[in-house]
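Read the structure below first, then the notes.
The values are calculated or read from the model by the stated rules, or taken from the named source; none is laboratory data. All figures in this text were calculated on a predicted structure; none of them were measured in a lab. Ideal geometry is used to build each Cβ from the backbone, glycine not excepted, and the neighbour counts take in all protein chains shown. Surface accessibility is based on the protein's heavy atoms, side chains included, excluding ligands, DNA and RNA. Shrake-Rupley method; radii C 1.70, N 1.55, O 1.52, S 1.80 Å.
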Amino acid sequence: MLKKKRALVTGSTSGIGLAIARALHAEGAEIVLNGLGDPDEIAALTNEMNATFNGANLLDPSAIAAMMEEIGPIDILVNNAGMQFVSPVEDFPTAKWDAIIALNLTAPFHTTRLAVPAMKQKGWGRIINTASAHSLTASPFKSAYNASKHGIAGFTKTIALELAQTGVTANCISPGYVWTPLIEGQIPDTMAARGLTREQVINDVLLAKQPTKKFVQPEEVGALAVFLCREEAGNVTGANWSIDGGWTAE
Ligand code: NAD
């Protein structure tokens with residue numbers, strides 16, 4: 001279904017991005033992986049998907065520009081790389097704030113502005129931004145993350161309008177809690193910020209938000225990304241797709 005389409009998935013060495021890359025690959029897309037990680041594990045992923053890899057650090061706009069130049073035109077852009085930090089606002093390290101905004105919000109701006117000209121020229125393109133339930137609602141102690149995710153939701157709507165007559169769509173996917181290294185990594189800080197045990201954080205903070213009481217599976221997010229790339233989704237643009245076990249329905 002996606003044969004002859006080239007897809008860049010940022011942050012695809014782990015978690016949700018990896019699942020999206022695998023799902024697009026299974027539909028025949030040619031995959032460009034990006035992210036940080038162990039070189040041997042990344043080599044195994046490139047072999048598995050017959051993919052290419054670009055390890056640009058997306059905190060650096062010049063590295064993003066070099067990556068986009070090196071990989072050339074793409075049909076599908078998945079802005080997925082992201083990071084989290086949990087702290088009360090008065091203690092929030094300013095360097096962490098800057099890094100979260102740079103990775104979660106500014107990097108997608110740069111990849112998008114550099115990918116759009118070729119998509120417009122072809123008259124076809126798909127831009128998918130991994131936002132979050134935190135693009136629609138907030139939780140305490142995640143000020144930078146929530147600001148970045150609300151920001152990417154606004155950015156996505158804006159480019160959807162700008163590109164509406166070009167054959168290029170832009171949408172957000174907004175997962176609730178998906179069990180990935182990003183979630184595991186925030187458990188100790190949430191334990192400290194709220195004075196809770198690990199089990200209390202999982203059951204009373206994370207899953208408490210999701211009426212299904214289940215973590216979202218990365219493969220479920222991959223399947224939604226595939227749908228957004230289909231021809232039948234050509235009129236789906238500017239939307240923010242919740243996949244959050246009912247969290248934002250409340
Ligand atoms: P993850 O930590 O498993 O993966 C993050 C990916 O981003 C990795 O491939 C990592 O190498 C890459 N990355 C990190 N810093 C980078 C940098 N400076 N340059 C390039 N790549 C970098 O996290 P995940 O849970 O799969 O999260 C992926 C996206 O989904 C993020 O945008 C996150 O905010 C969003 N999200 C996650 C959840 C969840 O519950 N896990 C929920 C909602 C939204």
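Compute the long axis of helix 107-122 from its Cα atoms, compare it with the longest principal axis of the Cα atoms of the chain, and write down the angle in degrees, 0 to 90, nearest 10.
Compared with the principal axis, the helix lies near 20 degrees.
Can you tell me the FRET efficiency between Ala95 and Trp179 if r is taken as the Cβ-Cβ distance and R0 is 25 Å, rounded to the nearest 0.05?
0.35
Accessible area, 1.4 Å probe, largest first: how do Phe155, Phe227 sort?
Phe227, Phe155
How high is the FRET efficiency from Ala63 to Glu232, r the C-beta distance, R0 41 Å, rounded to 0.05?
Efficiency computed from Cβ-Cβ geometry: 0.70.
First obtain the Kirkwood hydrodynamic radius of the chain from its Cα pairs, then insert it into the Stokes-Einstein equation at 10 °C and 1.306 mPa s, and state the resulting D in µm² per second as a whole number.
Diffusion coefficient, whole number: 87 µm²/s.
For the chain, which span is the longest to avoid every loop-located (per DSSP) member of trypsin sites (Lys or Arg not before Pro) having at most 14 other Cβ atoms inside 10 Å?
Maximal segment without exposed cleavage sites: 5-212.
Sequence gap at least 6, Cα distance under 8 Å: using those rules, report the relative contact order of the stretch 12-162 to the nearest whole percent.
21
Within the stretch 138-250, what whole-number % of the accessible surface is contributed by carbon and sulfur, with the 1.4 Å probe and all protein chains included in the calculation?
55
For the stretch 114-250, count the residues as N, evaluate 2.2 N^0.38 Å, and divide the Cα radius of gyration by that value, please.
1.17
Distance between Cα centroids, the stretch 1-38 to the stretch 133-164: provide it in whole Å.
23
Quick one: angle between helix 15-26 and the longest Cα principal axis of the chain, in degrees between 0 and 90, rounded to 10, please.
With rounding to tens, the tilt is 30 degrees.
If the reach is capped at under 25 angstrom between alpha carbons, list the lysines near Lys120, excluding any in the same chain fewer than eight residues apart.
By straight Cα distance, Lys120 reaches Lys3, Lys4, Lys5, Lys157.
Equivalent ellipsoid semi-axes for the stretch 55-136, as square roots of 5 times the alpha carbon gyration tensor eigenvalues: give them largest first, rounded to whole Å.
After scaling each eigenvalue by five and taking roots: 28, 15, 8 Å.
So what's the angle, to the nearest 10 degrees on a 0 to 90 scale, between helix 143-162 and the longest Cα principal axis of the chain?
Its long axis makes an angle of about 30 degrees.
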